[in-house]
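Student: Could you have a look at this structure, given as structure tokens, before my questions?
The values are calculated or read from the model by the stated rules, or taken from the named source; none is laboratory data. All values reported here derive from a predicted model rather than from experimental measurement. Quick reminder, even Gly has a Cβ in these numbers, built from the backbone with ideal geometry, and neighbours come from all protein chains shown.
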Amino acid sequence: MGGSSLQLLLTFFLFLLCMKPALGNYWGVGDANLGCKECERRALIKIKEDLIDDYGHLSSWNTKEDCCKWRGVYCNNHTGHVIQLDLSISGVEPLRGKLSPFLSELQYLTFLDVSYNDFNHTQIPKSIGSLSNLRQLDLYNANFGRNIPFQLGNLSNLQYLDLGWNNFNPQNLEWLRPLSSLCFLRMSSVNLSKVNNWLEVVNKLPHLTSLHLRSCNLPNIFPIPHVNSSASLDVLNLSYNNLTLSSSILEWLFNSNTSVVKLYLFDNQFQGLIPDAFSRIYSLEVLILDGNEFEGGIPKSFSGMCNLKTLSLSSNNLGEQLLGIVHNLTGCANHSIEKLYLDNNHIMGSFPDLTTFSSLRGLWLSNNRLSGTIPESLGKQSNLEILYIDRNPFVGVISEAHFSKLTKLKTFYAYNNPLVFNFSSNWVPPFQLEHLYIMGCQSSSGSIIVLHSNKLEGEIPPFVFKGSHLDLSNNMFSKLALSLCEASNNSLEYLDLSNNRLSEELPDCWMQFEGLKILKLANNHFYGKIPSSMGSLIEIETLDLGNNNFSGELPSTLKNCTKLVFLDLRNNSLSGPIPMWLGRSHPNLVVLFLRSNHFYGRMPPHLCHLTHIQLLDLALNRITGSIPKCINNLISLTNTKSPNAAFNHSYALLSSRYVDQTIWMWKGREYEYGNILALVKGIDLSSNKLSGVIPEEIVMLDGLISLNLSRNLLTGKITSDIGLLCSLEVLDLSDNKLCGEIPSTLSLIDSLNSLNLRNNNLSGRIPTGPQLSTFTASAYKGNPNLCGFPLPKNCLGEETPQNPTVNGSSGDASMQDEKDGFITRGFYVSAAIGFVVCFWGVFGTLLLNRSCRLSYFKILNNIKDWLYVIGGVTMARLQRQLQS
């Protein structure tokens, strides 16, 4: 009784600990999560009724669930009031209809976001002005119309207001004056052409730091406030407003005591020289003047802008020498500038030494009139990430010296330049590019181009095929055909375009690349027939076309590729019978994958000529007939020791070697094998229509590690000599029509760790053995006449299924419990009595005595905190021990 009572007390203690949050809410102590208020739930339902939800964004808004769990609804954990409502739908599936005036029922709202919806030119509800707790109101790009309600001026606590990209045409902005807490204001695309005092209004918002008035038709001339600005703007965006150099806004900007950090004035109508006055704004870090008509160069005074990080003058009429621009930024600006946009101008001269621009991360010089050579000093810009020099008449050679320290380079555009790219055969780029565009340039032959695992896109330029080794795998290229056929290079030995987005018919011009040894085009979207010119690749050793959409029969010209070692055509739509020449013409073939296609007809016995085959995968086709008895001629699969060296390929121009890699189905999952591929030996003929018996000759392949013959129509018995497959780790014969007993020799395969014999007609006792005892009943399911462990069905003469253990005995859990004397009938009786006494002894006291109740939960909180701290310290110690 004592032991059970102790267990019960501990159980009850844990029960109360788990129930503590609920009890705490009931008694008014601890954390609370009360759920939303009924009046607010009804208001939300009314709000939903005014919305047209074509895509079910608000499907969770129903009367059954706590509204605090609805999408976009957030409640205060202590009061249960709705404090945030986020109906923003950023995508192509907006909410429609109108915004309900019942929003005013949500009086505790501090955050409201309905951006990116379509309210069909309806007005902002005036009732929003009663939400006195609101701090953030976001109506951006929601297709509101009519006037802006002056009641928004009642939101005295508002800090963030976004009315941008709607259809407002206000007559005044007087309602803004009371919003003294406002920090962020965006009214982009709001027509302010009739509001001449807009600057006077925003000038009196004391906490305003970010003002966005893009595309507002701002008047050029207006009264400038006589008082200094009470605002301290950090961000000012006045782009797309047709402003001129005579605009009042520039006078205010240059003469007021402003601390602007980011200034956006692009796409206005500024003409002439860039004003020196910009340099008076010493705090400027970002100055964007794109899309104007500035002429000349950069003022010398800009050299003193010591905080300037981004200077953008793209798409103007600048015509100075680049050397002069660089000179006029040399002071302290050249140390701070990180991004310099000078593209689409008329800048002339040569490319200067930029090593004094030590922080430079991005340089845009595209589409100017720059000429001469690119200095090798460019390679010293160790922080450079983005470089655009395209569409300039540069000349000369680009070599690896130009990239020597550009370890951070991600984007490089140099197309339409008469530059020559010349790299040595063993050069490895120090960077990992995301975007490369060098079409229209030239390349010297004999080079190695390795640009794999970047984010390069578009068409592959033809000059890259001039080298000896080209790896463009794992990018986003989408076009190949023209660029490939424009090139002709018998020196190209390695070409890897796998894992891109190439979607087209494969061009039929492979006779121009007779020197290819490795061709990898897997994991693209190629379609159509495999071109017959691939038969011209007489030196080819690895051909990987897997995971595309190729169709039709295999071209007979492939029989000319007699040096093939690795052929992967898996996961395509190829059809027709497996050709006879596939076994005769490829004596060196080690890997053959035809998996998941539409091949049909009998399995050709000529495959038995593949004496070096190590991985044979014909699964998921429509192959019929029986498994050839000559399968024992696959000599490489009879070798249990020596790995195959054929997966290593060497090249005349490479000091290193290439090792084949592939995916192999292992225990129902795909695994990638590279360096250890030579150790894997397997046959997979699953999911076909093979019939007849499993040939006894298969047991001679004692080097086999994996054998999968599942989902066929195989009949007969499993050969009694199956135990000779001593290397076997995976055996799958499921979903056939096999009959008879499971051979006892199966227990001799010590390495077997995956067995599947499901859904056959096997019968009799399941053999026992140390290795077989590790398999569960699922390995034998669907064979109604099987019996014995691990199946629940007993064999004739057995009372209970025996579970072999190390000492040969078996145990019964319930009997053992009775022997231990712990869980008995008396235990359950005492447990019930103990529970009732303990529960009401503790629970009743807590229910009736408030001081005890508060003390109890204080103790529980302390225990919880103690356990948390102890757990955290213990985990930290373990992590330090693991790291050391």
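Student: Which of (1) of a type outside the set (V, I, T); (2) at pLDDT 95 or above; (3) over 23 Å from A401 (Cβ atoms) is the odd one out, the single condition G331 does not satisfy?
Tutor: Failing condition for G331: (2).
Residue-wise test of (1) under 14 Å from L607 (Cβ atoms); (2) at pLDDT below 95.
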| residue | (1), (2) |
| --- | --- |
| D544 | no, no |
| N548 | no, no |
| S551 | no, no |
| F566 | no, yes |
| N572 | no, no |
| W581 | yes, yes |
| H586 | yes, yes |
| V590 | yes, yes |
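Student: For the range 353-366, which positions are surrounded by 17 or more Cβ atoms within 10 Å (Cβ to Cβ), in a loop (DSSP other than H, G, I, E, B) and of a type outside the set (F, W, Y)?
Tutor: L354, L360, R361, L365, S366
Student: Oh, and also: When the residues of the range 137-191 are filtered to those that are of a type in the set (S, T, Y) and over 20 Å from L218 (Cβ atoms), which remaining residue is surrounded by the fewest Cβ atoms within 10 Å (Cβ to Cβ)?
Tutor: S156
Student: Can you pull out the residues in the range 297-311 that are assigned to a helix (DSSP H, G or I) and either polar (S, T, N, Q) or surrounded by fewer than 18 Cβ atoms within 10 Å (Cβ to Cβ) (or both)?
Tutor: Passing the criteria: K300, S301, S303, G304.
Student: Return the residue satisfying two criteria in turn: it lies in the range 260-294 and is in contact with an Asp or Glu (Cβ under 8 Å, 6 or more places away or on another chain) and part of a strand (DSSP E or B), and of such residues it is nearest to C306 (Cα to Cα).
Tutor: Once the filter is applied, the top-ranked residue is K262.
Student: Can you find a residue in the range 615-632 that is over 16 Å from N712 (Cβ atoms), part of a loop (DSSP other than H, G, I, E, B) and either aliphatic (A, V, I, L, M) or under 38 Å from the mean Cα position of the chain (by Cα) (or both)?
Tutor: no
Student: How many residues are modelled with pLDDT of 95 or more, in contact with a His (Cβ under 9 Å, 6 or more places away or on another chain) and either of a type in the set (G, A, S) or in a loop (DSSP other than H, G, I, E, B) (or both) when one looks only at the range 378-400?
Tutor: Selection size over the range 378-400: 0.
Student: Residues to consider are R595, R602; find the one that is basic (K, R), surrounded by fewer than 18 Cβ atoms within 10 Å (Cβ to Cβ) and farther than 15 Å from P695 by Cα.
Tutor: The match here is R602.
Student: Please list, ordered by residue number, the strands (runs of 3 or more DSSP E) wholly in the range 671-778 having 3 or more residues that are out of contact with any helix residue (DSSP H, G or I) (no Cβ under 6 Å at 6 or more places or on another chain). Steps first, answer last, please.
Tutor: On the way: elements: 682-684, 691-693, 706-708, 713-715, 730-732, 754-756, 761-765.
Fully inside the range 671-778 and qualifying: 682-684, 691-693, 706-708, 713-715, 730-732, 761-765.
Student: Could I ask something else about it? Within the group L582, L567, which residue is in contact with a His (Cβ under 8 Å, 6 or more places away or on another chain), in a strand (DSSP E or B), buried (at least 17 other Cβ atoms within 10 Å of the Cβ) and in contact (Cβ under 8 Å) with a residue 12 or more places away in the chain?
Tutor: Details: L582 fails: in a strand (DSSP E or B).
When all the criteria are applied, what remains is L567.
Student: Continuing with this model, one more query. Among the residues of the range 500-511, how many are in a loop (DSSP other than H, G, I, E, B) and surrounded by 19 or more Cβ atoms within 10 Å (Cβ to Cβ)? I'd like the intermediate steps shown before the answer.
Tutor: If we filter the range 500-511 for residues that are in a loop (DSSP other than H, G, I, E, B), which is where we start, we get 500-504, 506-509.
In the following step, the residues that additionally are surrounded by 19 or more Cβ atoms within 10 Å (Cβ to Cβ) were identified as 500, 502, 506.
So the count comes out to 3.
Student: Next up: So, of the residues in the range 458-504 that are within 20 Å of H435 (Cβ to Cβ), touching a Phe, Trp or Tyr at 6+ places or on another chain (Cβ under 8 Å) and among the small types (G, A, S), which turns out to be modelled with the highest pLDDT?
Tutor: Selected residue: S503.
Student: Another question, then. Given the criteria surrounded by 17 or more Cβ atoms within 10 Å (Cβ to Cβ) and under 24 Å from R41 (Cβ atoms), does L134 qualify?
Tutor: Yes: the conditions hold for L134.
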